[in-house]
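What follows is a single structure, written as structure tokens, with notes after it.
The values are calculated or read from the model by the stated rules, or taken from the named source; none is laboratory data. Model, not experiment: these values are computed from the prediction. Note that each Cβ is placed from the backbone with ideal geometry, even for glycine, and that neighbours are counted across all protein chains shown. Quick note on the areas: whole protein, heavy atoms, side chains included, nothing else; ligands and nucleic acids left out. Shrake-Rupley method; radii C 1.70, N 1.55, O 1.52, S 1.80 Å.
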Amino acid sequence: KAGVTQTPRYLIKTRGQQVTLSCSPISGHRSVSWYQQTPGQGLQFLFEYFSETQRNKGNFPGRFSGRQFSNSRSEMNVSTLELGDSALYLCASSGGITGGTDTQYFGPGTRLTVL
Amino acid sequence: SQQGEEDPQALSIQEGENATMNCSYKTSINNLQWYRQNSGRGLVHLILIRSNEREKHSGRLRVTLDTSKKSSSLLITASRAADTASYFCATGLYNTDKLIFGTGTRLQVFP
């Protein structure tokens with residue numbers, strides 16, 4: 001099976017812009033989670049989707065949003081970018097029934113730089 | 001603050017030595033997982049231990065879980081230079097679908 005893919009791999013934006021990141025999970029996986037990784041805050045949980053429904057959300061402002069499509073592909077959107085949004089954004093999929101707390105299979109990440 | 005705190009933050013050893021990393025957490029869990037991350041890349045799942053298990057092995061990896069102390073340890077035996085990476089514990093929170101990662105341990109194995 002192909003692994004989790006994320007596009008784009010690298011992105012440079014300026015403050016105030018918005019960005020959409022895409023994640024394609026492993027075939028058959030219905031749970032997709034998103035994480036933000038920064039040197040200062042570490043790995044922070046953003047949200048988790050299961051069968052097109054957001055089941056859990058981390059402590060991020062409303063500028064961070066996501067969605068999942070019927071084929072389990074997921075997108076996350078960040079509006080009104082701030083310098084502090086510069087991070088590695090990781091997507092992970094899981095095939096278990098529990099979803100978010102099962103073994104996660106991570107994509108390579110999208111490196112977002114906000115100037 | 002983070003659910004999982006790892007200790008030490010950084011560890012340097014020689015090839016062939018054993019490496020031990022510890023993880024402490026705060027709330028009830030369904031399971032605890034360990035992941036490895038090579039320099040700025042995606043994470044790779046290493047091992048999952050359920051809350052009713054005390055010890056688990058996978059190749060050169062040994063994980064223990066003490067739910068009374070809310071702590072876990074990861075032992076890598078006979079370390080290799082290729083084990084150089086950051087290691088994270090992640091707790092599957094009880095009664096939720098959240099997996100919360102710890103702060104990580106940076107392991108450097110010198111040839």
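Shown here: the range B:5-110, whose C-alpha atoms stretch 41, 27, 21 Å along the first, second and third principal axes, sorted largest to smallest.
In square nanometres and to one decimal, what's the mean projected area of the convex hull around the Cα atoms of the protein assembly as shown?
Reported value for the Cα convex hull: 12.2 nm².
The equivalent ellipsoid of the range A:1-96 has semi-axes of 22, 14, 13 Å, largest first, where each one is the square root of 5 times an eigenvalue of the Cα gyration tensor.
This model, with +1 at the C-beta of Lys and Arg and -1 at the C-beta of Asp and Glu, gives the range A:1-90 a dipole about its Cα centre of some 140 debye. Taking the alpha-carbon centroid of each part, what is the distance from the range A:1-19 to the range A:70-105 in angstrom? First find each Cα centre; the distance between them is then 11 Å. With a Förster radius of 30 Å applied to the C-beta separation of B:Gln108 and A:Ile97, the computed FRET efficiency comes to 0.20. Extension gain for A:Arg15-A:Ser27 works out to 0.8 nm (0.36 nm per residue, less the C-alpha to C-alpha distance). Counting only Cβ charges, +1 for Lys and Arg and -1 for Asp and Glu, the dipole size of the protein assembly as shown around its Cα centre is about 360 debye. Chain B and chain A together bury an accessible surface of about 1600 square angstrom, both sides counted, with a 1.4 Å probe and no ligands or nucleic acids included.
The dipole here belongs to chain B: it is taken about the Cα centre, uses +1 on the Cβ of Lys and Arg and -1 on the Cβ of Asp and Glu, and is about 200 debye. Farthest towards the positive end of the charge dipole of the protein assembly as shown, among the residues A:Pro8, B:Ile76, B:Trp34, is the Cα of A:Pro8, using unit charges on the Cβ of Lys, Arg, Asp and Glu. Count Lys and Arg as plus one, Asp and Glu as minus one, and take only other residues whose Cβ is under 15 Å from that of A:Glu82; the net charge is then +2.
Quick check: Cα centre of the range A:40-58 to Cα centre of the range B:42-96, how many Å? Taking the Cα centre of each part, the range A:40-58 and the range B:42-96 sit 22 Å apart.
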